[in-house]
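Since the structure comes first, as structure tokens, the remarks are kept for the end.
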Ligand SMILES: [Zn+2]
């Protein structure tokens, strides 16, 4: 991630996306599963999360997790939390060193940063969240902390691609109402959803000039967890913080 020359080093935004490799979990969570809600051994998940903190060079209590519910609730956090933030699909902070984590296995992890004011956000953007407006809700929360859309950069992490994500036509239409570019055809020629395209469209419409997309498809890339491909499986994380 590039940083602005104007940004003081103390608020440099950092973004990371994990994959399956390098963890302790056993099949079908092998091996770097960070989800504690998918049936994996809690000790293994704990060890994997500890490794995230070690790799990032932060105390483990600085990692903030969510219990995600495919809704639009956004939590603004300013310090370590006592467990996962309940019933939330987006985290926002202006506190340096507080590490925001979103768990995914096909949904889009959206990592936002205003490098000038030092505001970052991690968003769980699945089909329902996108349809209900979790992305604009997050941008509003960032703005309330002083972020300006024209200074925000976005990274959209790995997710199921449009060619792999078949949905009923009505479901496609429901999402296309808020993001027309999400409506695509699958490889089989059936109605599909490209959620990354839809999220990118929503962000650009909100005035965000730089939207970078990780092109990897979770269904097609065996190094990534995919609920759609495997059913019972682990979760990777999208992670953003102010260094
Ligand atoms: Zn795909």
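Listed values, structure above:
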{"quantity": "Inter-centroid distance (Cα atoms) of region 54-81 relative to region 203-243, Å", "calculated": "17"}
{"quantity": "Within region 171-207, backbone nitrogen closer than 16 Å to the virtual label 7 Å beyond the Cα of residue 163 toward Cβ", "calculated": "184-197"}
{"quantity": "Zone of residue 27's modelled label, taken as backbone nitrogen in region 204-221 under 20 Å from a point 7 Å along Cα→Cβ", "calculated": "219-221"}
{"quantity": "Kirkwood hydrodynamic radius of region 110-171, Cα pairs, Å", "calculated": "12.9"}
{"quantity": "Fraction of beta bridges assigned by DSSP in the chain that are antiparallel (%, nearest 5)", "calculated": "75"}
{"quantity": "Mean separation of Cα contacts under 8 Å, 6 or more apart, over the residue count of the chain: relative contact order %", "calculated": "25"}
{"quantity": "Radius of gyration and maximum dimension Dmax of region 49-171, Cα, Å", "calculated": "14.6, 46"}
{"quantity": "Relative contact order of region 117-241, pairs being alpha-carbon contacts under 8 Å that are 6 or more residues apart, as %", "calculated": "28"}
{"quantity": "Coarse-grained scattering of region 158-230 at q = 0.22, 0.24 Å⁻¹, given as base-10 log I(q)/I(0) from a Debye sum over alpha-carbon atoms", "calculated": "-0.96, -1.07"}
{"quantity": "Packing-based order for 134-146, 102-114, using average beta carbon neighbours within 10 Å, highest first", "calculated": "102-114, 134-146"}
{"quantity": "Fraction of the pair-distance distribution of the chain above 27 Å, Cα-Cα pairs, percent", "calculated": "30"}
{"quantity": "Most to least packed among 68-74, 157-163, 116-122, 48-54 [average Cβ atoms within 10 Å]", "calculated": "157-163, 116-122, 68-74, 48-54"}
{"quantity": "Fraction of antiparallel bridges per DSSP, region 117-243 only, in percent to nearest 5", "calculated": "45"}
{"quantity": "Mean Cβ count within 10 Å, highest first, over the residues of peptides 82-89, 199-206", "calculated": "199-206, 82-89"}
{"quantity": "Normalised contact order of region 2-111, rounded percent, pairs of Cα under 8 Å and 6 or more residues apart", "calculated": "18"}
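Every number in this text was worked out from the coordinates using simple rules, so none of it is lab data. Treat the numbers as computed from the prediction; the structure is a model and nothing was measured. Don't worry about glycine lacking a Cβ; one is built from the backbone with ideal geometry, like all the others, and counts go over all protein chains shown.
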